[in-house]
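Worksheet: the structure to be examined is printed underneath.
The values are calculated or read from the model by the stated rules, or taken from the named source; none is laboratory data. Bear in mind the structure is a predicted one, so any value in this text is a computation, not a measurement. Because the Cβ atoms are built from the backbone with ideal geometry, glycine has one as well, and the counts that use them run over all protein chains shown. With ligands, DNA and RNA removed, areas are computed over all heavy atoms of the protein, side chains included. Shrake-Rupley method; radii C 1.70, N 1.55, O 1.52, S 1.80 Å.
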Amino acid sequence: MSTVVAIDGPAGAGKSTVARMVADHLHYAYINTGSLYRALAYAAMTSGIAFEEITPGFLQGLQLEFCGADLYLNGKKLDTQLRKPECAKGASVVSAKPFVRDYLMPVQRQAADGQWIVMEGRDIGTVVFPDAEKKFFVTASAEERARRRMAQSSEVADGATFESILADIKARDERDMNREIAPLKQADDAVLIDTTGLSIDEVVAKIASYCKN
Ligand code: DC
């Protein structure tokens, strides 16, 4: 049994910062499920395998597990290497593969088992935990998300411009929303939070107040 607060939404909507702060506020555990897809992209990159070419056999050779909010791949803690733009793009590509989603489903469910937890991603409220206690869909306009991304230097490729970041965000939205399995979409029973023009503290306060009701 677990009590899950699901926070889904598109890339760059500020989900991670907000989800972590909501978890702190509620004294819940926190898991960022995007890091799992990023870890598979990272594993492919470091093995010299193109994202499109990964196979179920490749996944069987990997060991992925959370220790608290920290993610370990084959015993090694992953952190800043996952924030690179190539990993973000690779994560979006590998996440469209049904066998990848099947492989990561039990990892996510096990990570939440027995916990009070805030879990963020794309399909937490729709697929991973359709019975989550509370569900939020956090979004912002593509332009606002590109502006925010531009301010996060670790996630921006050298030489990137506002236009190139906006194009990347739109391409990622397109892939995440239109894949056949577990596409990014708002669950029918999720609360929509449009963060355009809101501060992080305002968004956290909004979500926390829904959780306390
Ligand atoms: O949240 P993020 O930017 O770290 O996610 C990276 C990619 O992983 C995203 O483009 C789509 C995929 N993803 C997913 O398909 N399902 C999730 N629950 C989380 C992320």
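Within region 58-77, being farther than 20 Å from V100 by Cα and touching a residue at least 40 places away in the same chain (Cβ under 8 Å) holds for one residue alone: A69. Cβ separations smaller than 9 Å between residues 6+ apart or across chains give the following pairs from region 158-175 residues that are within 20 Å of G34 (Cβ to Cβ) to residues that are within 11 Å of the ligand (Cβ to nearest atom) and open to solvent by 60 Å² or more (accessible area, probe 1.4 Å): A160/D168; D168/K89; A171/K89; R172/K89. Can you confirm whether region 26-38 contains a residue that is more than 11 Å from the ligand (Cβ to nearest atom), surrounded by fewer than 16 Cβ atoms within 10 Å (Cβ to Cβ) and at pLDDT below 95? No - not one qualifying residue is present in region 26-38. Residues that are assigned to a loop (DSSP other than H, G, I, E, B), modelled with pLDDT of 90 or more and of a type in the set (A, V, I, L, M) within region 182-200 comprise L184, A187, A190, L198, listed in sequence order. Out of all the residues in region 78-93, which are in contact (Cβ under 8 Å) with a residue 60 or more places away in the chain, aliphatic (A, V, I, L, M) and either outside any helix (DSSP H, G or I) or within 16 Å of G12 (Cβ to Cβ) (or both)? Selection gives A88 alone.
Among the residues of region 127-140, are any among the polar types (S, T, N, Q), over 14 Å from P10 (Cβ atoms) and not in a loop (DSSP other than H, G, I, E, B)? Looking through region 127-140, none of the residues is among the polar types (S, T, N, Q), over 14 Å from P10 (Cβ atoms) and not in a loop (DSSP other than H, G, I, E, B).
Mind counting the residues in region 3-57 that are part of a helix (DSSP H, G or I), of a type outside the set (G, A, S) and closer than 17 Å to K89 by Cβ? Qualifying residue count, region 3-57: 10.
Scanning region 152-172 for residues that are more than 27 Å from Y28 (Cβ to Cβ) and part of a helix (DSSP H, G or I) yields S153, F162, E163, S164, I165, L166, A167, D168, I169, K170, A171, R172. The set of residues in region 112-129 that are open to solvent by 10 Å² or more (accessible area, probe 1.4 Å) and either out of contact with any helix residue (DSSP H, G or I) (no Cβ under 9 Å at 6 or more places or on another chain) or away from the ligand (no atom under 13 Å from the Cβ) (or both) comprises D113, G114, Q115, W116, T126. Filtering region 178-196 to residues that are in contact (Cβ under 8 Å) with a residue 24 or more places away in the chain and open to solvent by 30 Å² or more (accessible area, probe 1.4 Å) leaves E180, I181, P183, K185, Q186, D189, V191, L192, D194, T196.
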